[in-house]
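Q: One structure, pasted below without further comment.
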Amino acid sequence: DLECPNEIIDHKTKGKQHLTRLTKRHNKNDFIEMLDGRYIRFQEFIQLYLYSIPYFEKYGKYPKILSLNMVRINDWYSVKFESERLEEAKKWATDKITNIYNDKEFPKGEGNLQFFCDYICNQRLNCGYSSCYVGSMEEDLGVFDI
């Protein structure tokens, strides 16, 4: 890993893992402080906050600490559980689900998303937006011929 004055960068993905301090250019609401004083994006912990819901149902209380084991960089990211953040995570999840159900158009992606559409997506052969589209089965079988 490359260590810089304000951040650690994973040398394989070149992605910022955490910050040692927040500056004016950082939106403080997007970050949460870890137990060791470093900062990480709240987005990284949404999944753990959502996992705390069945934990509460089973044990009757929320966990005190949420921890991510960052195996590739040999580090643990731990934050104190906050119920306000849980509500943010729930809102994020319900908004995403609503967006998925409300979307009517699924245009082909650009850049990396185009690669996903053309090579990885399971529906690339059935999707008119993909360059791998082979046509609908009804057309191939002559179902619409009268």
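The values are calculated or read from the model by the stated rules, or taken from the named source; none is laboratory data. Note that this is a predicted model, so its numbers are computed, not measured. Every residue, glycine as well, gets a Cβ built from its backbone with ideal geometry; the counts of neighbours run over all protein chains shown.
Yes/no matrix, rows are residues, columns are (1) loosely packed, with under 15 Cβ neighbours inside 10 Å; (2) hydrophobic (A, V, I, L, M, F, W, C); (3) in contact (Cβ under 8 Å) with a residue 40 or more places away in the chain; (4) assigned to a helix (DSSP H, G or I):
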position: Phe45; (1), (2), (3), (4): no, yes, yes, yes
position: Gln123; (1), (2), (3), (4): yes, no, no, no
position: Asn126; (1), (2), (3), (4): yes, no, no, no
position: Val134; (1), (2), (3), (4): yes, yes, no, no
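Q: Search region 47-82 for residues being at pLDDT 85 or above and in a loop (DSSP other than H, G, I, E, B), and hand back the single one that is surrounded by the most Cβ atoms within 10 Å (Cβ to Cβ).
A: Taking the candidates together, the pick is Phe81.
Q: Restrict the check to region 104-118 and report whether at least one residue is surrounded by 12 or more Cβ atoms within 10 Å (Cβ to Cβ), outside the structural domain of Tyr39 (by TED's automatic domain parsing) and in contact with a Ser or Thr (Cβ under 6 Å, 6 or more places away or on another chain).
A: yes
Q: Can you tell me which residues in region 27-43 are assigned to a loop (DSSP other than H, G, I, E, B) and within 15 Å of Asn69 (Cβ to Cβ)?
A: Met34, Leu35, Asp36 - these are the residues of region 27-43 that are assigned to a loop (DSSP other than H, G, I, E, B) and within 15 Å of Asn69 (Cβ to Cβ).
Q: Ok, one more. I want to confirm something. Restricting to region 47-102 and keeping residues that are of a type in the set (Lys, Arg) and in contact (Cβ under 8 Å) with a residue 40 or more places away in the chain, which single residue is farthest from Phe31 (Cα to Cα)?
A: Arg72
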